[in-house]
Structures are given as C-alpha cells and as structure tokens.
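K.L.:
To start, I am sharing the structure in question, which I have written as structure tokens.
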Amino acid sequence: MLKSPLVQGIFVGHRRALEDFVRAIDVTGLKPVIDGRYGFDAVQAAFAHLERGPFGKVVVTF
C-alpha cells in the first residue's frame, strides 16, 4: 500500500441529497463492517491486514 497510494473521493450531489442519504443511514441503522481495529502503534499490522484482503474496514485509532 505504501508503494502505490490512492486517493479516492465520491460525489454526493447537492446538500439536500446528502441530508437525505444521512437520514436514510440513521433510519435503517446501517453500520460498516469492521474487520480489524489497530492502535497507531500497530499500524504495520494494519497494513499487513490490508494486504491480505480484509472482509470489511480496517480501523487505525490515534
């Protein structure tokens, strides 16, 4: 991951569409799938986890 960084964004449209989207997330209770959590001191292990292909999100806390 360090050799080929990628910055990716999304287009959410106008403000009302974003507000509708956020409201829908709140109403449905949709939550991301978190496959692993790492402290900042274990960031190398988090990168290794990413290399293995996680099922969900990999979270690094500061």
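The values are calculated or read from the model by the stated rules, or taken from the named source; none is laboratory data. It should be emphasised that the depicted structure is a prediction, and the values quoted were computed from it without experimental measurement. All Cβ positions, glycine included, derive from the backbone under ideal geometry; neighbour counts span all protein chains shown.
K.L.:
Mind listing just one residue for me: the one in the range 6-27 that is assigned to a loop (DSSP other than H, G, I, E, B) and over 15 Å from the mean Cα position of the chain (by Cα) and, of those, surrounded by the fewest Cβ atoms within 10 Å (Cβ to Cβ)? Let's see the steps before the verdict.
P.N.:
Keep residues of the range 6-27 that are assigned to a loop (DSSP other than H, G, I, E, B), which gives 6-14.
Cutting the leftovers down to over 15 Å from the mean Cα position of the chain (by Cα) gives us 11-14.
Values: Phe11: 4, Val12: 10, Gly13: 10, His14: 8.
It comes out as Phe11.
K.L.:
Follow-up. Which count do you get for residues in the range 28-42 that are touching a strand residue (DSSP E or B) at 6+ places or on another chain (Cβ under 7 Å) and either among the aliphatic types (A, V, I, L, M) or assigned to a helix (DSSP H, G or I) (or both)? Outline the logic, then answer.
P.N.:
Residues of the range 28-42 touching a strand residue (DSSP E or B) at 6+ places or on another chain (Cβ under 7 Å): 32-40.
Going one step further and asking which of them are either among the aliphatic types (A, V, I, L, M) or assigned to a helix (DSSP H, G or I) (or both), we end up with 33-34, 40.
Residues in the range 28-42 being touching a strand residue (DSSP E or B) at 6+ places or on another chain (Cβ under 7 Å) and either among the aliphatic types (A, V, I, L, M) or assigned to a helix (DSSP H, G or I) (or both): 3 in total.
K.L.:
Still on this structure: For the range 28-49, state whether one or more residues are surrounded by 10 or more Cβ atoms within 10 Å (Cβ to Cβ), aliphatic (A, V, I, L, M) and at pLDDT below 90.
P.N.:
No: zero hits.
K.L.:
Give all pairs with beta carbons closer than 8 Å in which a residue from the range 35-55 that is closer than 17 Å to Leu6 by Cβ and touching a residue at least 12 places away in the same chain (Cβ under 8 Å) meets a residue that is of a type outside the set (D, E, K, R) and outside any strand (DSSP E or B); count only pairs at least 6 apart in sequence or on separate chains.
P.N.:
Pairs found: Phe47/Met1; Phe47/Leu2; Leu50/Met1; Glu51/Met1.
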